[in-house]
Amino acid sequence: MARKVADDPLAPVTLVVGPEELLVDRAVSVVTRAARATDPDADIRDLAPGALQPGMLTELASPSLFGERKVIVVRGAQDLAADLVTEVKSYLGDPPDDVVLVLTHLGGPKGKALLDAARKAGVREVACPKVSKATERLALVKTEFRTAGRSVTEDAARALVEAVGNDLRELAAACSQLAADTEGVIDEEIVARYYTGRAEASSFDVADKAVEGRAAEALEQLRWALSVGVAPVMVTSALAQGVRHIARLGGAPRGARPADLARDLGMPPWKIDRVRQQLRGWTPDGIVRALQAVAEADAAVKGGGTDPAYALEKAVVTVATVRNT
């Protein structure tokens, strides 16, 4: 390829780089949809990792008797054998007309020679980095709704992330469902109505109520969470995280800006605001006692006790009652 290409999904070659499967599939779909939009009869060949064999790329890219556009998707390009890498490099030097090649690559050191060659050839590149931070998942939810032409409140977006969890495919599916099934602005009430039992009985909801000193509500949510299948170890993990957040923010310099605290403590700014509200009434002694109670419960649910539910209830009550002591 003699020149750089614009961000055109029908560029001769698209390099999709990164480990986030949802984003990779989305990037591939953008290309295949664009091809079908220009030619409904476009021939789409999506090759699973390891499916490409020597000579196959040349064969698939050869002109068709019917003249339709072709899209060839090669998955897992980082695992291609040396002879296939050579074949792909040769292709990059002179891609045929009316053929779009898509290479998906994890982006790590494996297969770096092909990655470098594709970039040197000036191919179109789409980055699909791992989405691992809560702020990134929150941004994804907002983008999903915006793409669907819908508005979502900040609280509703956070509630959906907390309810559904870290899996991007589940988050995207939840956004799609809410966008299709509701009207108007999507708020926290709508999210709660659709995800009752998940949003309201999450381990983090139990932890939030406990660190806020709301023992009765925390116990109610705990029993509901366990009844719908939330793993006990997830509850102890959420409790520990909740108390640790209290301890870390409590030990931070007074008057520090939320943005600075978020950077230094590794929390999103909205979490800083929430923990600040929860911090009221906590003392160093109370934090120590709460952490001890959670550690005992964690040991119990991991095999050190005979009744995990009782151990969790005891921990929740302790965390809620040592506040203000």
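Just so it is clear, none of the values below were taken in a lab; they were calculated from the coordinates. This is a predicted model, so every value here is computed, not measured. Backbone-built Cβ (ideal geometry, glycine too); neighbour counts: all protein chains shown.
Calculate, in nm to one decimal, what VAL85 and SER64 gain on full extension: separation in residues at 0.36 nm each, minus their alpha carbon distance.
5.1 nm
What order do you get for TYR194, TYR91 when you list them from fewest to most C-beta neighbours inside 10 Å?
Exposure proxy ranking, most exposed first: TYR194, TYR91.
Return the distance in nm (one decimal) between the two label points of a simple spin-label model at LEU265 and ALA127, each offset 7 Å from Cα along Cα→Cβ.
Distance between label points: 2.9 nm.
Rank the residues LYS110, LYS209 as a footprinting-exposure proxy: fewest other Cβ atoms within 10 Å of their Cβ go first.
LYS110, LYS209
Which of the three applies to the range 134-194, rounded, prolate or oblate, going by the alpha-carbon gyration tensor with a ≥ b ≥ c and a/c under 1.5 meaning rounded?
rounded
Lys and Arg at +1, Asp and Glu at -1: add these up for the other residues within a Cβ distance under 14 Å of ALA82 and post the number.
Summing Lys/Arg as +1 and Asp/Glu as -1 gives 0.
Which order do HIS245, HIS105 fall in if you start with the one that has the fewest other Cβ atoms within 10 Å?
With the fewest neighbours first, HIS245, HIS105 line up as HIS245, HIS105.
How many Lys pairs in the chain lie less than 26 angstrom apart by Cα atoms, where the lysines are 8 or more positions apart or on different chains?
Lysine pair count for the chain: 26.
Looking at (i) 77, 37, 35; (ii) 63, 46, 38; (iii) 79, 45, 44, which value of Cα extents along the principal axes in Å comes from a calculation on the structure shown?
Given (i) 77, 37, 35; (ii) 63, 46, 38; (iii) 79, 45, 44, the calculated one carries the label (iii).
Normalising by the residue count of the chain, find the relative contact order in percent from Cα pairs under 8 Å and 6+ residues apart.
Relative contact order, the chain: 15 percent.
Under a 5 Å amide H to amide H cut-off, with H placed in plane at 1.01 Å, what residues pair with VAL13 once short-range neighbours are removed?
Correct list: LEU101, ARG124.
Using only Cα atoms, find the angle between the long axis of helix 215-227 and the longest principal axis of the chain, and express it within 0 to 90 degrees, rounded to the nearest 10.
So the helix axis and the longest Cα principal axis differ by about 40 degrees.
Which net charge results when you count Lys and Arg as +1 and Asp and Glu as -1 among the other residues whose beta-carbon is under 13 Å from that of ASP181?
Charge balance in the 13 Å sphere: +1.
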